[in-house]
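Novice: First, the structure itself, so that you have it in front of you.
The values are calculated or read from the model by the stated rules, or taken from the named source; none is laboratory data. It should be emphasised that the depicted structure is a prediction, and the values quoted were computed from it without experimental measurement. Quick reminder, even Gly has a Cβ in these numbers, built from the backbone with ideal geometry, and neighbours come from all protein chains shown. Ligands, DNA and RNA are stripped out before the accessible areas are found, and what is left, the full protein with its side chains, is counted by its heavy atoms. Shrake-Rupley method; radii C 1.70, N 1.55, O 1.52, S 1.80 Å.
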Amino acid sequence: MKVLSVVGARPQFVKLAPVAHALRETDHEHVIVHTGQHYDSRLSDVFFADLKIPEPDVNLGVGSGSHGVQTGAILSAMDPVLEEHRPDWVLVYGDTNSTLAGALSAVKMHLPVAHLEAGLRSRNRRMPEEHNRVLTDHAADLLLAPTRLAMDNLAAEGLAERSVLVGDVMTDVLYAVRDAVAAQPPRLPDGVDADGPFLVCTIHRAENTDDADRLAAIVTALAGLPMPVVLLAHPRLVARARDFGIELARGAIHPAQPLPYPEMVATVLRSRGVVTDSGGLQKEAFLLGVPCTTLRTETEWPETLEGGWNVLAPDLVGLAEIVNRPRPEPLDTAPYGDGTAARAVVAALERHAR
Ligand code: UD1
């Protein structure tokens, strides 16, 4: 069996890692296509190196652009790659423009498509990721769902027959890295004491970064928090803050560069809490037993809300009290699986190959 993975953005490299390792344990051929959506070393190369992912076989080098330009560039660059490789499966990951373009180009060439992390829904039609998820799920032949709720969402859209519950591959990679970095100190900017309480923060969603008033309100709220906020600033946040004349380094905020995955895990593990609008980080905090506060109106990972481990705080009201809330009671559920999802992915691909 020949599997061709299409990835392009930081969270997809994390999901690719366990799948690439599981495929390496088999005789199957695995071709990795990097669209080039993320090209900064800190958002791309370090993930391949740290997570021991084989170098991409192909890099489409599309770079940044508006949604249409970026999606279209990937789409047109994919045709010759798919023509050359003619895989048994085109495997697309998550919800970025690279996901949708990879799925669409495969469908147009009558190649079977599998969508890893199928069935997530925010029901927020303003999010580019929501369009990408819905359209990819309805285009794909095999829907690899991470959770029971995702399976329910797919069934509600008439997609039950194409859906398989495989578990969450992010749990696989997170547990492996957590154990490897157990003794590693957090990577903190100057002025933040590793022995004192601190928060880890990321903000990169268009709905939070691309409106000047919204971004200013978020930065003001973070600056006023009662402990240091380590703000791991995505290039999009840095660019928008600069465009809008918003100073990030003020009050409690200590801006820093995005971290490589193992250092991110080590730093979150020792933090008092996470404040974010990232889907992946909400779930990583939950799995690491660190309280999370999410600056959005909804989450694709509602399981994280159980027991107050994740709290939605879109209007920023009372943010200081929310991030300072007592640590929730441990849960005895494991909605994201036990860290063996990647093998289930490979087994599902084998079972459903034409
Ligand atoms: C994309 C995904 C989002 C995912 C995120 C993870 C879409 C629609 N969004 O958002 O779902 O959560 O990746 O990070 O696909 N930039 C750089 N260097 C890079 C890449 C981007 O500086 O290597 C800057 C550029 O100014 C670019 C901006 O970041 O215009 C946005 O990048 P883009 O890939 O369009 O979306 P993300 O915000 O990264």
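Novice: What are the residue pairs meeting all of these: first residue in the stretch 36-48, first residue within 19 Å of A20 (Cα to Cα) and in the same structural domain as K15 (by the TED database), second residue open to solvent by 10 Å² or more (accessible area, probe 1.4 Å) and polar (S, T, N, Q), Cβ atoms under 8 Å, and 6 or more apart or on different chains?
Specialist: G36/N59
Novice: Only residues in the stretch 295-317 that are assigned by the TED database to the domain that holds A206 and on the phi > 0 side of the Ramachandran plot count as the first member; pair them with residues that are in a loop (DSSP other than H, G, I, E, B) and open to solvent by 30 Å² or more (accessible area, probe 1.4 Å), Cβ under 9 angstrom, at least 6 apart or cross-chain, and list the lot.
Specialist: What qualifies is G307/E329; G307/P330; G307/L331; G308/R325; G308/P326; G308/E329.
Novice: Name the residues in the stretch 98-112 that are out of contact with any Phe, Trp or Tyr (no Cβ under 6 Å at 6 or more places or on another chain) and open to solvent by 10 Å² or more (accessible area, probe 1.4 Å), would you?
Specialist: Answer for the stretch 98-112, where residues must be out of contact with any Phe, Trp or Tyr (no Cβ under 6 Å at 6 or more places or on another chain) and open to solvent by 10 Å² or more (accessible area, probe 1.4 Å): L100, L104, V107, K108, M109, H110, L111.
Novice: Give H67, H115 a once-over and let me know the one that is open to solvent by less than 10 Å² (accessible area, probe 1.4 Å) and either under 22 Å from A206 (Cα atoms) or within 16 Å of the ligand (Cβ to nearest atom) (or both).
Specialist: Just a single option satisfies the conditions, and that option is H115.
Novice: Could you list all residues from the stretch 239-255 that are of a type in the set (G, A, S), on the phi < 0 side of the Ramachandran plot and assigned to a loop (DSSP other than H, G, I, E, B)?
Specialist: A249, A252
Novice: How many residues does the stretch 1-12 hold that are more than 10 Å from the ligand (Cβ to nearest atom) and either more than 13 Å from A347 (Cα to Cα) or at pLDDT below 95 (or both)?
Specialist: Total meeting the criteria: 5.
Novice: Name every residue in the stretch 291-310 that is more than 18 Å from R123 (Cβ to Cβ) and surrounded by fewer than 20 Cβ atoms within 10 Å (Cβ to Cβ), in order of residue number.
Specialist: Matches in the stretch 291-310: E306, G307, G308.
Novice: If you don't mind, another one. Please go through the stretch 121-151 and pick out each residue that is out of contact with any strand residue (DSSP E or B) (no Cβ under 9 Å at 6 or more places or on another chain) and open to solvent by 20 Å² or more (accessible area, probe 1.4 Å).
Specialist: R123, N124, R125, R126, P128, E129, H131, V134, L135, H138, L149
Table: residues versus (1) within 18 Å of the chain's Cα centre (by Cα); (2) closer than 27 Å to R272 by Cβ; (3) small (G, A, S).
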residue	(1), (2), (3)
H131	yes, no, no
A140	no, no, yes
L174	yes, yes, no
P189	no, yes, no
D193	no, yes, no
C201	yes, yes, no
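Novice: Taking into account only those residues within the stretch 94-123 that are in a loop (DSSP other than H, G, I, E, B) and charged (D, E, K, R), which is nearest to the chain's Cα centre (by Cα)?
Specialist: D95
Novice: Condition (residue is at pLDDT 95 or above, open to solvent by 10 Å² or more (accessible area, probe 1.4 Å) and aromatic (F, W, Y)) applied to the stretch 36-43: is it met by at least one residue?
Specialist: yes
Novice: Can you name the number of the only condition in (1) within 13 Å of the ligand (Cβ to nearest atom); (2) buried (at least 17 other Cβ atoms within 10 Å of the Cβ); (3) assigned to a loop (DSSP other than H, G, I, E, B); (4) of a type outside the set (S, T, Y) that P56 fails?
Specialist: In the conditions (1) within 13 Å of the ligand (Cβ to nearest atom); (2) buried (at least 17 other Cβ atoms within 10 Å of the Cβ); (3) assigned to a loop (DSSP other than H, G, I, E, B); (4) of a type outside the set (S, T, Y), P56 misses (1) alone.
Novice: While we're looking at this one, here's another question. Could you check how many residues of the stretch 76-98 are more than 17 Å from P56 (Cβ to Cβ) and hydroxyl-bearing (S, T, Y)?
Specialist: Of the residues in that region, 1 qualify.
Novice: State whether the residues of the stretch 76-93 include one that is within 14 Å of the ligand (Cβ to nearest atom) and not in a strand (DSSP E or B).
Specialist: No, the stretch 76-93 contains no residue that is within 14 Å of the ligand (Cβ to nearest atom) and not in a strand (DSSP E or B).
Novice: Next question, about the same structure. Restricting attention to the stretch 174-229, which residues are of a type in the set (A, V, I, L, M), open to solvent by less than 60 Å² (accessible area, probe 1.4 Å) and not in a helix (DSSP H, G or I)?
Specialist: Matches in the stretch 174-229: V181, L188, V192, A194, L199, V200, I203, L225, M227, V229.
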